[in-house]
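Before any comments, here is the structure.
Nothing in this text is a laboratory measurement; each read-out follows from the coordinates by a stated rule. Given the structure is predicted, the values throughout are model-derived calculations rather than measurements. Glycine also receives a Cβ, built like all others from the backbone with ideal geometry; neighbour counts cover every protein chain displayed.
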Amino acid sequence: EADIYQTPRYLVIGTGKKITLECSQTMGHDKMYWYQQDPGMELHLIHYSYGVNSTEKGDLSSESTVSRIRTEHFPLTLESARPSHTSQYLCASSPRGGQGGNEQFFGPGTRLTVL
Amino acid sequence: SQKIEQNSEALNIQEGKTATLTCNYTNYSPAYLQWYRQDPGRGPVFLLLIRENEKEKRKERLKVTFDTTLKQSLFHITASQPADSATYLCAPTGGGNKLTFGTGTQLKVEL
């Protein structure tokens, strides 16, 4: 079992609220990722980081922001949640090295519902 | 643009049979291809990685092939069991650090 954690697992919140989804890993991985996935649909990369103080936007545009102040921690923040943000958010990490050949370890996900 | 295609319809097979899932890609040349398993409401779990210079890779009951001419990977589960029921995702990658996943194929193994 991968040592990558996400909290909360489920979150129901009203429109306009600020939320932070937490993601932590204890494997010392340099690379971390956030994906968004709607039920029955494909995973879309929304943010990634190759190390501390490194963050990049992914392939799918997102109104969320991320930070990487510590290697093990990669939180995602929505300043003002909207119903269109309702989705499952998955965090993943992979070790340094091996261009493209490194497996990604996924957390259990956060199911976000914005009313 | 890059495109990854997996069987969109669920694959139903009987226990004990071999399941074969297909992953086709267009408009790029991946150096690696990864396969993941995803159960409902959970994050994907890595299964196998195959490199472009490898034709076939095996791990227990799993076998993956990679045909760079056909731009296709086949994922086989032999002696399938109900516990193998899940969605299987392929992720061809060109060598960078990002992965692009296919939509996945849902496998249902019936008794």
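The table for this structure:
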quantity: Extension gain (nm, one decimal) between B:Glu9 and B:Thr68, 0.36 nm per residue minus Cα-Cα; calculated: 18.8 nm
quantity: Choice from B:Glu60, B:Glu15, B:Glu52 showing the highest fluctuation, given a GNM over chain B with Cα pairs closer than 10 Å; calculated: B:Glu60
quantity: Chain B pair-distance distribution - Cα-Cα, 10 Å bins, rounded %; calculated: 15, 50, 30, 5, 0
quantity: Local electrostatic count at A:Tyr50 - Lys and Arg +1, Asp and Glu -1, tallied over other residues with Cβ under 15 Å; calculated: +3
quantity: Nearby lysines by direct alpha-carbon distance to B:Lys108 (threshold 30 angstrom, same-chain neighbours under 8 apart not counted); calculated: B:Lys3, B:Lys17, B:Lys55, B:Lys57, B:Lys59, B:Lys63, B:Lys71, B:Lys98
quantity: Rounded to the nearest 20 debye, dipole of the protein assembly as shown from Cβ charges on Lys, Arg, Asp, Glu; calculated: 180
quantity: Lys/Arg +1, Asp/Glu -1 at C-beta; chain A dipole; positive extreme among A:Pro75, A:Leu60, A:Gln104; calculated: A:Pro75
quantity: Only Lys, Arg (+1) and Asp, Glu (-1) charged, at Cβ; chain B dipole about Cα centre in debye; calculated: 240
quantity: Nitroxide proxy distance, nm - points 7 Å out along Cα→Cβ at A:Asp59 and A:Thr20; calculated: 3.0
quantity: Calculated on alpha-carbon atoms, Rg and Dmax of chain A in Å; calculated: 13.4, 42
quantity: In nm, spacing of pseudo-spin labels at B:Glu60 and A:Thr86 (7 Å Cα→C-beta vector); calculated: 3.7
